[in-house]
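Heads up, the thing below is written out as C-alpha cells.
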Amino acid sequence: MDLERIIKKFNAHFPHQEEQERLIRKAASFAKEVHGHQLRASKEPYFNHLLETAYKLAEWRMDATTIAAGFLHDVLEDCQIPKEVLEKEFGAEIAFIVDGVTKLGELKYRQEKEEDEKNEAESLRKMILAISKDLRVIFVKLADRLHNIKTLQFLPQPKQKRIALETAEIYAPIAYRLGMQSLAGELEDLTFPYLYPKEYAWLKENVKESYQEREAYLKKLEPQVREQLAKAGVYPLAIDYRAKRLFSLYKKLIRYNMNLEQVYDLVAFRIIVKTIEECYLTMGVIHQIWPPMPGRIKDYIALPKPNGYQSLHTTVFCVNNRPTEFQIRTQEMHEQAENGAAAHWFYESKKGSKEYSEKKAIAADLKEALWIKQLKEWQNQFPGSREFIEAIKVDFFSDRIFVLTPKGMVIDLPAGSTPVDFAYKIHTKIGDSCVGAKVNNRIVPLDYQLQSGDVVEILTQKSKKPSPNWLGFVKTRHAKKKIKSALKDITPLKKVEFQITCQDKIGLIKDISSVFSRNHIHISDIETKSKGHFPTIKIIADINKKEKAEEILIKLKKIKEVKEVGYKVVN
Ligand code: MN
C-alpha cells in the first residue's frame, strides 16, 4: 500500500479536487512524521496501519476530510499530539473526528454476566453512536478495526479474544445496522477463528467441497438463465455466485443441526438488472422455468430490511429438483447492500459539497437519508423516546445518555439523570444507601447532571436511608418509585424478643449474635438463663418487619446447638 494508490482511489470518485488532494497528502506526511519509528505488533512501520485505514475509507468513497482523519486517527493517543495542534493544522472538523475515534478507543467491551450480556452490548452500540455524533467517526473506527482484526495474529492471546469478541458483538452489528453488510460479514468472518477455533476448522474442512461443487453447478445453469431472460428482453448487468459467509453459515448450521444439505443459499445466484421492473420480471422468468419453493419468496424491495437492504430472494426447485437460491436486485440496491450508509454518505456529500465542509455534524444535513431512517427505526425499538425523532436533527440520541461504572459497564439513562438515578439503576440497595458520588474521580453533588461518557462511582453507607429531597431532582420513574417505597419503610422501630433454647458451647453467644449483626439488626438486650438441661437465651432486637423476624428465626435454627426458637413483638 502506498499514498499514490489512495490518491488515485480518491480521484476516481472526486476528480479535479486539488485542494482536497493536498489535504490528504498533508495529513499523510504529518502522520508519518509524528508516528516516526513506531512499529506495529507485527513489526511493520506504524504508518502502514494508517495507509490501510485511509485506503479503506477511499474505497468506501469517503471525502478528503474523512480520509485525512483516517491518517491522523491515532496521533492523539499514540503521539500525544494535543487536540489544539490538530485543530490548528487541519481544522475543527478533522480534529473532531479524530477526537471521536480516540474516545471510542477508550470504551472496552467485556462480557458480563450472561443475562446482562445482550443489554450491555446493545447499550455499548448505542453509546458508540451517541458519542460519535458524526457518522464519519464510525467510518474511521470501522476502517481502523478492519485492519486491526486482519493483523490480530500478532497480538497476545487474551487481547486477541477481547478484540475479536468486541468486533463480533459491537462493531460488526454497527456496520450491519448502517447497512454495510459486506463489511459486517467480513468483520465477522475475521473474528470466527479466534472466537470458535474448533468450529471454524470443522467448517473449513467440510464446506470446501460443497462450495466448489455448488459453484460448478451454478456455472452450468448460467447460460440457460441468460437465454430465458433474453427472451423476455432482460439483459442483466451482472450475474455472479455469492458464497455464503462462513460465520453466517455457521450460525445457520446451528439451527439446522449442522446439516449442510439443508442450507440452500450456501452459494446463491445473484442477478443485477437495470430497473425495479426488471427485478420482478426476472423473478417471473425464473419461476416459469423452475417452480418456487413455498415460503421462500422474499420481497425486500417492497419491504426493505430495517438496515435498508433491498433485493428479491427466491428458492426454486432447479435442475434435478435441486433447491437453488436466486437474489435479484438493481445496481443501486447492490451498492446499498455492500456499503450502506457509506454509499449514502458519498451521494449526499457530493450534493452539497461546498457548504458541507463548514458544518460539523452531518445529521442536520441528511434528514432524509436512509441511515437516519434506519436509526429512527432502531430507536423505535426502545420505547419511551418519541422525542428522538426531533432530536436526531442535532444529535443521535440526545434524549439518552450513556455512562460507565468504574468497571467499564455501560449504563443507559435518560438525559438529565443524576448519580441517584444511576445508583438505583445499578441496584436498589445501592440507591438506598447512597451518600455521595464521584464523576470522573471528582466528588459531585447528588443532583449533578450526568453526561455521556462520564465514569460514575457511588459512595454508600450501610443502613443509610434515602432522603425525601431526592424526589425533587431524580429523573427516572424507577428511582422515584424506589425512593418512595424506601421512605414508606421507615416506620417506627418495633422490639422483638427471641427465646432461644440451646445446648451450651463456647462461642455460642457469638454465633447467635452474629446472625443479627450480619443482617444489620441492632440488639438492645441479651439475657442468659439456665433452666433444666438447656440454657435459654433471650434477645431483644429492633426489627420492624415480620418477614425479617421470620428470616432471623430460620437462620437461628440452622445453628447446630440451637434446639428451639420462638419470638414475639414486645414494644
Ligand atoms: Mn488505529
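What the table below lists for this structure:
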item: Accessible surface of the stretch 401-488 [probe 1.4 Å, protein heavy atoms]: carbon and sulfur percent; result: 51
item: Gap separating the Cα centres of the stretch 417-453 and the stretch 34-103, nearest whole Å; result: 35
item: Average accessible area per residue (Å²) across the stretch 401-488 - probe 1.4 Å, nucleic acids and ligands excluded; result: 53
item: Sites residue 469 and residue 231 - FRET efficiency at Förster radius 56 Å, r taken between beta-carbons, to 0.05; result: 0.10
item: Gain in span if fully extended, residue 429 to residue 17, counting 0.36 nm per residue against the direct Cα distance; result: 142.2 nm
item: Three-way shape label, the stretch 119-272, alpha-carbon gyration tensor, a/c 1.5; result: oblate
item: Cα lying deepest toward the dipole's positive end in the stretch 401-488, options 406, 456, 420, charges on Cβ; result: 420
item: Surface/4 of the Cα convex hull for the stretch 455-571, nm²; result: 9.8
item: Which of 256, 312, 271, positive extreme of dipole for the stretch 198-341 (C-beta unit charges); result: 256
item: Rounded, prolate or oblate (a/c below 1.5 giving rounded, otherwise prolate when a/b exceeds b/c) for the stretch 194-322 by Cα gyration tensor; result: prolate
item: Calculated from backbone phi, Karplus (6.51, -1.76, 1.60) coupling profile of the stretch 61-66 in Hz, x at Gly/Pro; result: 6, 6, 6, 4, 4, 5
item: Listed residue pairs exceeding 25 Å between alpha carbons, taken from 103/462; 141/298; 103/150; 103/481; 141/198; result: 103/462; 141/298; 103/481; 141/198
item: Stretch gain in nm, segment residue 517-residue 547, where the contour uses 0.36 nm per residue and the Cα spacing is subtracted; result: 9.1 nm
item: Peptide ranges 179-191, 465-477, 247-259 listed from the most packed, as the mean C-beta count within 10 angstrom indicates; result: 179-191, 465-477, 247-259
item: Convex hull of the stretch 3-191 built on C-alpha atoms - directionally averaged projected area, nm²; result: 10.6
item: Across 538/563; 464/494; 208/231; 8/32, pairs whose alpha-carbon gap is larger than 24 Å; result: 208/231
item: Rg [Å, one decimal], Dmax [Å, integer] - the stretch 1-96, C-alpha atoms; result: 12.7, 38
item: Dipole axis of the stretch 494-569 (+1 Lys, Arg; -1 Asp, Glu on Cβ), positive-most option in 554, 496, 508; result: 554
item: Overall form of the stretch 401-488 per C-alpha gyration tensor (a/c, 1.5; a/b vs b/c); result: prolate
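The values are calculated or read from the model by the stated rules, or taken from the named source; none is laboratory data. Computed from a prediction, not measured in an experiment: that's the story for all the values here. FYI the Cβ positions are ideal-geometry reconstructions off the backbone, even for glycines, and counts take in every protein chain you see. Calculation scope for accessible area: heavy atoms of the full protein, side chains included, ligands and nucleic acids excluded. Shrake-Rupley method; radii C 1.70, N 1.55, O 1.52, S 1.80 Å.
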